[in-house]
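To start, the structure itself, in structure tokens.
The values are calculated or read from the model by the stated rules, or taken from the named source; none is laboratory data. Owing to the predicted nature of the structure, the values given are computational and were not obtained by experimental measurement. Glycine also receives a Cβ, built like all others from the backbone with ideal geometry; neighbour counts cover every protein chain displayed. Calculation scope for accessible area: heavy atoms of the full protein, side chains included, ligands and nucleic acids excluded. Shrake-Rupley method; radii C 1.70, N 1.55, O 1.52, S 1.80 Å.
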Amino acid sequence: MIKTRFAGINFENPFFNASGPHCTTKEELDILGQSKAAAVMTKSCTLEPREGNPSPRYVDITNNSSINSMGLPNLGYKEYMKLIPELTVHNKPIFSSVSGMKIEDNIQMISELSDVKELDAIELNLSCPNVVGKPQVGYDFQQSVEVIQEVQKICKKPLGLKLPPYFDFVHFETMAKIINQSRVNFVTCINSLGNGLVIDIAKEQVVIKPKGGFGGMGGKLVKPFGLSNVRKFRELLKPEIQVIGCGGIFSGIDAFEYILAGAD
Ligand code: SIN
């Protein structure tokens with residue numbers, strides 16, 4: 001099995017879960033802990049627990065793809081602070097994902113999570129497309145600069161950014177420049193492709209309930225964009241900033257493509 005070194009930690013293999021729909025509860029995190037994943041990533045947390053959006057909010061579609069508008073259901077950061085030490089029974093690195101509703105929330109959560117000694121790294125999610133009234137920060141470069149500047153002052157762990165997919169070279173270059181001027185240690189490319197629409201023609205309606213059916217697209221469908229974002233950020237970022245590839249990985253071939261594109 002290929003090993004990797006990531007965020008200063010030796011990984012038994014180069015695979016672990018994205019912060020996604022299956023890493024919210026203790027049960028789900030234990031399943032990941034018991035799996036062959038080399039690390040465990042917790043669901044993007046907020047200051048307060050959240051129920052998330054109304055169901056149906058996740059639907060598998062054709063070609064191993066999906067649409068979701070989960071809306072960040074999570075236990076709230078204080079609960080993850082309690083859970084993280086319990087996850088050490090699995091003897092693998094633990095990453096925590098954070099997605100505050102505003103800069104102050106991110107500062108508070110990252111500052112407190114930084115003191116959890118069992119936690120290995122923090123990923124700041126700048127890219128959730130599913131919360132009404134909360135734009136994807138990663139598409140607002142000024143806001144990205146502001147949050148990175150504030151968070152890097154107080155984060156005492158390796159710090160990553162979960163990025164939305166970019167489609168334009170100017171946007172890749174702008175974001176890479178911001179990251180190269182920061183102390184960010186890694187980026188995760190990509191979050192779901194925001195605001196897709198899937199329609200069930202038999203029912204003559206959209207398949208998920210929140211946001212009029214608009215949701216983040218994931219799975220096989222997004223792999224070419226995951227690969228392009230990994231490749232472009234690998235080209236543009238300083239060599240010491242590592243890249244996690246994410247999206248549409250079902251097989252060793254998919255994983256090898258990401259490695260060839262430049263994923264760590
Ligand atoms: C969600 O909970 O809506 C998905 C999280 C994300 O896309 O960052």
If each DSSP helix of 4+ residues adds -39,500 (n - 2.57) and the sum is divided by the residues in the chain, what number results at 222 nm, nearest 500 deg cm²/dmol?
-9500 deg cm²/dmol
Where both partners of a DSSP beta bridge lie in the chain, what percent of those bridges are antiparallel, to the nearest 5?
45 percent
With only Lys, Arg, Asp and Glu charged, each at its Cβ (+1 for the first two, -1 for the last two), find how big the charge dipole of the stretch 35-187 is about the Cα centre; round to the nearest 20 debye.
280 debye
Just how much of Ser182 is accessible, in Å², when a 1.4 Å probe is used and the result is rounded to the nearest 10?
20 Å²
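Taking the Cα centre of the chain as origin and charging only Cβ (+1 Lys, Arg; -1 Asp, Glu), how large is the dipole, in debye to the nearest 20?
On the way: 28 positive and 28 negative charges, 52 e Å.
My answer is approximately 240 debye.
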To make sure I understand the rule: partners must be lysines, Cα under 16 Å from the Cα of Lys211, and not fewer than 8 residues away in the same chain. Which ones qualify?
Lys134
Per-residue SASA entry for Arg234, accessible area with 1.4 Å probe, Å² rounded to 10
60 Å²
Within the stretch 1-66, chymotrypsin sites (Phe, Trp or Tyr not before Pro) in DSSP loop having at most 12 other beta-carbon neighbours inside 10 Å:
none
Rounded to whole Hz and in sequence order, give me ³J(HN,Hα) for the stretch 220-227 from the Karplus expression 6.51 cos²θ - 1.76 cosθ + 1.60, θ = phi - 60°, writing x for Gly and Pro.
3, 3, 9, 4, x, 7, x, 5
Restricting to the stretch 148-224, compute how many DSSP beta bridges are antiparallel as a %, nearest 5.
55 percent
Can you list residues whose amide H is under 5 Å from Gln242's amide H, if they're 5+ apart or on another chain and H is modeled 1.01 Å from N?
Phe186, Val187
Report ³J(HN,Hα) in whole Hz for each residue of the stretch 104-120, in order, from the Karplus equation J = 6.51 cos²θ - 1.76 cosθ + 1.60 where θ = phi - 60°; Gly and Pro get x.
4, 5, 4, 4, 4, 5, 5, 4, 6, 5, 4, 8, 7, 5, 6, 8, 9
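Enumerate by residue number the chymotrypsin sites (Phe, Trp or Tyr not before Pro) in the stretch 225-264 meeting two conditions: DSSP loop (anything except H, G, I, E, B), and at most 11 other Cβ atoms within 10 Å of the site's Cβ.
Values: sites: Phe225, Phe233, Phe250, Phe256, Tyr258; in loops: Phe250.
Here the sparse-neighbourhood loop sites are Phe250.
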If every Lys and Arg gets +1 and every Asp and Glu gets -1 at its Cβ, then about the Cα centre the stretch 106-147 yields a dipole, in debye to the nearest 20, of 180 debye
Please compute P(r) over all alpha-carbon pairs of the stretch 24-165, binned at 5 Å starting from zero, and give each bin as a whole-number percent.
2, 10, 19, 22, 21, 16, 9, 3, 0
Out of residues 5 or more away from Met41 or on other chains, whose amide H comes under 5 Å of its own, with H placed 1.01 Å from N in the peptide plane?
Asn17, Phe95
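Ranked highest first by average number of other Cβ atoms within 10 Å, how do 125-131, 27-33 line up? List each step's numbers first, then the result.
Values: 125-131: 23.6, 27-33: 16.7.
Listed from highest to lowest mean packing, they are 125-131, 27-33.
If you take all C-alpha pairs in the chain, what percent of them are over 24 Å apart?
Values: 15562 of 34716 pairs.
Everything past 24 Å amounts to 45 percent.
Report the local net charge at Arg183: Lys and Arg +1, Asp and Glu -1, summed over other residues whose C-beta lies under 14 Å from its C-beta. The partial results should precede the final answer.
Working: positive: Lys153, Lys156, Lys157, Lys238; negative: Glu150, Glu240.
Once all neighbours under 14 Å are counted, the net charge is +2.
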For the chain, calculate the relative contact order in percent as a whole number, restricting contacts to Cα pairs under 8 Å that are 6 or more residues apart.
18 percent
Whole-Å distance linking the alpha carbon centroid of the stretch 178-213 with that of the stretch 90-120 is 23 Å
From the phi angles alone, apply the Karplus equation (6.51, -1.76, 1.60; θ = phi - 60°) to the stretch 239-247 and give each ³J(HN,Hα) in whole Hz, x where the residue is Gly or Pro.
x, 6, 8, 8, 10, 9, x, 8, x
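At 1.4 Å probe size, with every protein chain present, just tell me what the per residue accessible area of the chain comes to in Å². Please list the in-between numbers first.
On the way: 12120 Å² over 264 residues.
For the chain, the per-residue accessible area is 46 Å².
State the percentage of accessible surface on the chain attributable to carbon and sulfur atoms; use a 1.4 Å probe and exclude ligands, DNA and RNA.
Numbers: 6850 of 12120 Å².
Looking at the chain in its full context, I get 57 percent from C and S.
Can you check what the Kirkwood hydrodynamic radius comes to for the stretch 1-68, Cα pairs only, in Å to one decimal? Before the final figure, lay out the partial values.
Values: mean 1/r = 0.0708 Å⁻¹.
Answer for the stretch 1-68: a Kirkwood hydrodynamic radius of 14.1 Å.
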Positive-end extreme of charge dipole, the chain - chosen from Asn180, Val222, Thr42 (charges on Cβ)
Asn180
